[in-house]
1. Loop only by DSSP, 11 or fewer other Cβ within 10 Å of the Cβ. Give me the trypsin sites (Lys or Arg not before Pro) in segment 215-273 that pass, ordered by residue number.
2. Take the eigenvalues of the Cα gyration tensor for the chain, scale each by 5, and report the square roots as semi-axes in whole Å, largest first.
3. Relative contact order of segment 60-154: what whole-number percent is it, with Cα pairs under 8 angstrom and at least 6 residues apart?
4. To the nearest 20 Debye, how big is the dipole of segment 1-61 about its Cα centre, given +1 on the beta carbon of each Lys and Arg and -1 on that of each Asp and Glu?
5. Any idea what % of Cα-Cα pairs in segment 145-210 are farther than 16 Å?
6. For segment 61-74, in order, what is each residue's ³J(HN,Hα) by Karplus, 6.51 cos²θ - 1.76 cosθ + 1.60 with θ = phi - 60°, in whole Hz (x at glycine and Pro)?
7. So if I take the alpha carbon set of segment 109-253, get Rg, then get Rh from the Kirkwood formula, what is the Rg over Rh ratio?
8. What's the percent breakdown of Cα-Cα distances in segment 94-174 across 5 Å bins, shortest bin first?
Amino acid sequence: MEFSGLNAQYERLQEELKSAVVSVLDRGQFILGDEVNRLEQNLAQYVGRKHCIAVSSGTDALLMCLMAEGIGKGDCVLTTPFTFFATAEAISLTGATPVFVDINPDTYNIDPYCLGIVIKRIKREGLLTPRAVIAVDLFGLPAEYEKLENICSQHNLVLIEDAAQSFGAQRNNRKTCSFGKYAATSFFPAKPLGCYGDGGAVFCDCDEVAEILRSIRVHGQGENKYDNLRIGLNARLDEIQAAILNVKLKVFDSEIQERQRVANSYKNLLNNIVKTPREYNSLTNAYAQYTIAFRDKALRDFIYNGLLAQGIPCNIYYPTPLHLQPAYSDLQFHTMPNAEYASERVLSLPMHAYLTQQDIQLVCSALKELLSQFERESDNK
Ligand SMILES: *Cc1c(COP(=O)(O)O)cnc(C)c1O
């Protein structure tokens, strides 16, 4: 059984993928050509945004948003501690300081109420200038953008959506990547829409900002290739990856529906036994991960090791919240009880469009068997 379904997807699409790659080789244009242009148009239209700038990775996408705002030393950017390291790393790479805000334990996303409190605290302390908020749509579930937009406009902060895990999801009939002044996503192979290497994209609506982002993508270049207006990056997406994404985009909506099917089956089989992701009327979830939670760490670790021992792939996202990472040991952070609680209890099960009903049943019956084994062993102690 596969954890993220890349082999099964290749099986389905291989003829089209191979011919798309070969036609790039035949044409001989490898960087920023027709495939990238077509991808940018396709993606902007898909999410309902004016501009899409295809880039080299999700990490670079985030970094470029912060660079376009001129964020750096003495500034701080607020974000969640319960995310992949890249979210905070992009902040640190600019010279700014990440400030973490605890999560809502039900959504695993940044808690807007805590955000308001932390912004006021930073302003009172007066040591750092708050400039932006990066909200993450963790596991594929969109963050609470109506509230976040309000708080950000009240405090004059730039809102950035980290949609690396949520491409294809919706909130109140708006697609992810349409929220905030900027949205960043990733096409790392295991993300909901993945290429066969590294890739990402930035989305925005403002023409001026789009031009700055395009300049940053190629060494801060101006009109002329050897005219450098600012410090930038080499953050281009290549034609082969764009060609692959253009093929995968055609079946993407059907894959998102299949992920929902898998989530529904898991929920039916596990709902009364473990904490399963909540479904919301106004939201769709891209289900980058199907993440359940147990009552404590001992049980979670027992199930995790037990499933792996039976050859059922599963993962812990994330075992260490970012405020406790060694890379940030020089910074002083407040405790983040909800993020710490979640990191000890969560477990992500196999999730992709190509899981069969049989696969799902196998995972769930193995999990149930391990649960009763754990209870028996605890009773005997
Ligand atoms: C994967 C991921 C990133 C980074 O994307 P890369 O393409 O791997 O650089 C950033 N944020 C989140 C939440 C992610 O899951």
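We did not get these values from a lab; they are worked out from the coordinates using the rules stated. Here the structure is a predicted model, which is why all the values come from computation and not from measurement. So basically every Cβ, Gly included, is an ideal-geometry build from the backbone, and we count neighbours across all protein chains shown.
1. Of the trypsin sites (Lys or Arg not before Pro), the ones in loops of segment 215-273 whose Cβ has at most 11 other Cβ atoms within 10 Å are K225.
2. That gives 34, 28, 17 Å for the three semi-axes.
3. Relative contact order of segment 60-154: 30 percent.
4. Computed charge dipole of segment 1-61: roughly 240 debye.
5. 51 percent
6. Computed from phi, the couplings for segment 61-74 are 4, 5, 4, 5, 4, 5, 5, 4, 8, x, 7, x, 3, x Hz.
7. Reported Rg/Rh, Kirkwood definition of Rh: 1.02.
8. In order of increasing distance, the bins hold 3, 15, 25, 26, 17, 9, 4, 1 percent.
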